[in-house]
Amino acid sequence: MRWMVIFAAGAMALSGAAGEAQSKPIEVFTRDDFERALTAINAAFEARSEERNIDITFEGEILADGLLLACEDEAAEKNCYGTSILATFEDPPGANRTKVLEAINTYNYNENFGRAYIDPDGVISVRIYIISDGGITPQNYETQIALWTSSLDNFFGYLYPEEAEAAK
């Protein structure tokens, strides 16, 4: 019985330490933090050879570009306070700019986890920017990325309603 009590106490101490590590706030983002969050939500990713960007494929074949920003040393990605993830979309077949702007406005009105816009080159874009100022738990970091990814499914429906309806 005594060994069971000691074993149980040891197990509780270990699980507490693991839980504490998972809930310890991230004060500044690292590439490891970013990759850990992507792995936790089942996203595939690959670093680009000549750039700091990460090519990301989320479930549902959503492609995006990720980058740590607001770093004290950008080249070394040291002490980064921001994570930016960007997904881009092609114009719907036969769509005019009014239809695209309606989809963007609908997304921005209904969705809370990113912002949609047309970039200066005319590319339809949806971005999330997450900051670590004051700390963010690893779970919250993962959840924000997952919720943004889910909102992209909705954007797909706003931008390509015929294709979304056919997929049902």
Next on the checklist: Regarding segment 117-124, can at least one residue be identified that is farther than 18 Å from Glu61 by Cβ, β-branched (Val, Ile, Thr) and in contact with a helix residue (DSSP H, G or I) (Cβ under 8 Å, 6 or more places away or on another chain)?
Outcome noted: yes
Item to check | Filter result for Pro120 (open to solvent by 80 Å² or more (accessible area, probe 1.4 Å), of a type outside the set (Asp, Glu) and part of a loop (DSSP other than H, G, I, E, B)) | outcome: yes
Checklist outcome for this item: Of the residues in segment 96-119 that are within 21 Å of the chain's Cα centre (by Cα) and among the β-branched types (Val, Ile, Thr), the one that is farthest from Phe156 (Cα to Cα) is Ile118
Checklist entry - What about Ile136, is it touching a Gly at 6+ places or on another chain (Cβ under 7 Å) and at pLDDT 95 or above? => result no
Checklist entry - Across segment 122-168, what is the number of residues that are over 15 Å from the mean Cα position of the chain (by Cα), over 20 Å from Glu102 (Cα atoms) and of a type outside the set (Gly, Ala, Ser)? => result 2
Next on the checklist: One residue is enough: does segment 94-113 have a residue meeting the conditions open to solvent by 80 Å² or more (accessible area, probe 1.4 Å) and closer than 25 Å to Glu27 by Cβ?
Outcome noted: yes
Checklist entry - Out of the residues in segment 112-146 that are touching a strand residue (DSSP E or B) at 6+ places or on another chain (Cβ under 9 Å) and among the charged types (D, E, K, R), which is farthest from Ala40 (Cα to Cα)? => result Asp119
Next on the checklist: Here's a check for you: in segment 131-155, which residue that is free of Cβ contacts under 8 Å to residues at least 60 places away in the same chain and surrounded by 13 or more Cβ atoms within 10 Å (Cβ to Cβ) is farthest from Asp32 (Cα to Cα)?
Outcome noted: Asn154
Next on the checklist: Of all residues being under 18 Å from Asp133 (Cβ atoms) and either modelled with pLDDT under 90 or outside any strand (DSSP E or B) (or both) in segment 49-77, which is most open to solvent (accessible area, probe 1.4 Å)? Just the residue, please.
Outcome noted: Glu74
Next on the checklist: Please verify whether Arg127 is modelled with pLDDT of 95 or more, touching a Leu at 6+ places or on another chain (Cβ under 8 Å), open to solvent by 50 Å² or more (accessible area, probe 1.4 Å) and closer than 29 Å to Pro161 by Cα, treating the condition exactly as stated.
Outcome noted: yes
Checklist entry - Taking Ala87, is it in a strand (DSSP E or B), at pLDDT 95 or above and either over 18 Å from the mean Cα position of the chain (by Cα) or closer than 25 Å to Arg52 by Cβ (or both)? => result yes
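The values are calculated or read from the model by the stated rules, or taken from the named source; none is laboratory data. Predicted, not measured: the structure shown is a model, and the values here were computed from it. All Cβ positions, glycine included, derive from the backbone under ideal geometry; neighbour counts span all protein chains shown. Accessible surface areas use protein heavy atoms only, side chains included; no ligands, DNA or RNA. Shrake-Rupley method; radii C 1.70, N 1.55, O 1.52, S 1.80 Å.
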